[in-house]
Amino acid sequence: MEGRQLRVSRSLKKDQIRSSKREVEGSKKLYVGNLPFTCTKEQLSEYIEEFGEVTDVFIPQDNYGKPRGFAFIAVKEETVEAVIEGADGKEFMGRPIAVNHPLPPGEKTAKRKERPGRMKLYVGNLAFYTSSETLSEVFSEFGEVFDVYIPKDIETDRSRGFGFVSMGSEAGNAAIDTLDGCELDGRIISVNAAKPRGEEQKPEADTEQDEESI
């Protein structure tokens, strides 16, 4: 056409495009969700490498070239379970990520359930400077702490005044009985069982802390 060579090819459906991507021999693909939008392939690969060998990383982007908050990674087949066990639910760049087997196209992710014998606690009215390490130290007095997460404000990078602690059910109930209404870092905290995702966890009325308490 006017001296220019045209190339015509058959268009593929979305599921065909996904399946046509090159698979690395001896590797398995995993889904990684709840990623920070600032996360790069290099940062994700470096973190997952702590649990198994990474052979490929793909972070989907929207029409404007911005990351969509999830990724697909390929790891050596023999390290798949170690990667899931080591990284799923753990904090990465300030957010708890989900790592699991990808679902077939069209299927929705099932609601995540707490592991048997474990429970998640909601800890409210925290001081802005209370750290994950402090919460872990306090709650470990009642039993093994599996995970601690304190959400941060996206703009200020400061604590939002509440957190979540995962531990054994028996230890968690003991922590609720003892710590609910106690003082921590100058604040009277509330401790109770976290509500399932989708149900609103009523925040403390006075999470806005004045400068004297910071």
*Which chymotrypsin sites (Phe, Trp or Tyr not before Pro) does the stretch 117-166 hold that lie in a coil by DSSP with at most 15 other beta carbons within 10 Å?*
Y129
*Starting from the stretch 133-170, pick out the GluC sites (Glu not before Pro) whose DSSP state is loop and whose Cβ has at most 15 other Cβ atoms within 10 Å.*
E141, E144, E155
_Linear extension gain, M93 paired with S136, 0.36 nm per residue minus alpha-carbon span_ = 13.7 nm
*asked:* Filter K29/K152; K29/K195; K76/K195; K28/K195; K41/K76 down to the pairs with a C-alpha to C-alpha distance above 26 Å, please.
replied: K29/K152; K29/K195; K76/K195; K28/K195
*At a Förster radius of 45 Å, what calculated FRET efficiency corresponds to the Cβ-Cβ distance of E50 and D177, to the nearest 0.05?*
0.80
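Every read-out reported here was derived from the displayed coordinates using simple, explicitly stated rules and does not represent laboratory data. None of the values given here were measured: they were computed from a predicted structure. Here the Cβ is made from the backbone with ideal geometry for all residues, glycine too, and neighbour counts use every protein chain on show.
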